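Written out below as structure tokens is the structure these notes cover.
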Amino acid sequence: MKGYLSAHDGHMVFAPSKLPYLAKYHLENGTMVKDWNFYFDRSFYECKDYNLLFSKARSFGQVLDLAMDDQYIYILYLDQLLSEYDYNDPQKSMANKVLVFNYSGVPIAKLILDKRIYQMALCTKLHKIIGLGNLPEPAFVSFDVVF
């Protein structure tokens with residue numbers, strides 16, 4: 001399963017790229033222990049030939065990036081049907097939404113960015129999200145983290 005990992009000070013989170021799922025772990029005696037996991041948006045499954053299969057045509061959301069700081073977890077989230085993804089269309093391949101959760105998995109904020117990006121990094125000292133997008137050329141942009 002392809003996805004994203006982020007770690008901070010003995011804590012780690014994982015989000016698959018094509019499933020709206022988030023799991024948090026902590027380091028205990030040299031082993032990662034799961035704290036919690038949940039689906040943060042709709043996902044659908046279908047039966048085909050007696051097999052339960054994930055439905056890309058009916059499921060929502062794609063995680064484009066994941067980051068964490070000392071308090072929060074940030075998910076760069078493309079909230080559309082997975083089947084609508086189009087690499088050549090920035091409206092359908094880059095996100096303008098960042099979901100923020102605390103370390104208990106409680107939703108804290110939904111940040112709406114004024115530009116679409118496909119990758120992000122946190123600058124905790126300046127309280128900013130630095131993003132990379134095609135605007136139309138590759139460019140770095142920054143957003144204040146306020147919630």
With an 8 Å cut-off on Cα pairs and a minimum separation of 6 or more residues, tell me the relative contact order of the range 3-115 in percent.
-> 19
How much length is gained if the chain between Asn102 and Ser17 is pulled fully straight, taking 0.36 nm per residue apart and subtracting their Cα-Cα distance, in nm to one decimal?
-> 28.6 nm
Where the centroid of each part is defined by its Cα atoms, how far is the range 21-68 from the range 90-147 in Å?
-> 21
By how many nm would the segment from Ile130 to His26 grow when fully extended, if each residue of separation counts as 0.36 nm and the alpha-carbon distance is taken off?
-> 34.8 nm
Volume per residue that the Cα convex hull of the range 1-54 spans, once the total is divided by residue count, Å³ = 101
Could you name the lysines whose alpha carbon sits less than 30 Å from that of Lys24, not counting residues in the same chain fewer than 8 places away?
-> Lys2, Lys34, Lys56, Lys92, Lys97, Lys110, Lys115, Lys125, Lys128
In nm, spacing of pseudo-spin labels at Gln71 and Ser55 (7 Å Cα→C-beta vector) | 4.0
Whose amide H sits under 5 Å from the amide H of Ser55, counting only residues 5 or more places off or on another chain, with H placed in the peptide plane?
-> Phe44, Tyr45, Glu46
Helix-derived [θ] at 222 nm for the chain: sum -39500 (n - 2.57) over DSSP H runs of at least 4, divide by residue count, nearest 500?
-> -500 deg cm²/dmol
Note the listed values [x] 1.12; [y] 1.32; [z] 0.99, then indicate which one is Rg/Rh (Cα atoms, Kirkwood Rh) calculated from this particular structure.
-> [z]
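Only the coordinates and a few stated rules stand behind these numbers; no lab work does. Given the structure is predicted, the values throughout are model-derived calculations rather than measurements. Every residue, glycine among them, receives a Cβ derived from its backbone with ideal geometry; neighbour counts consider all protein chains shown.
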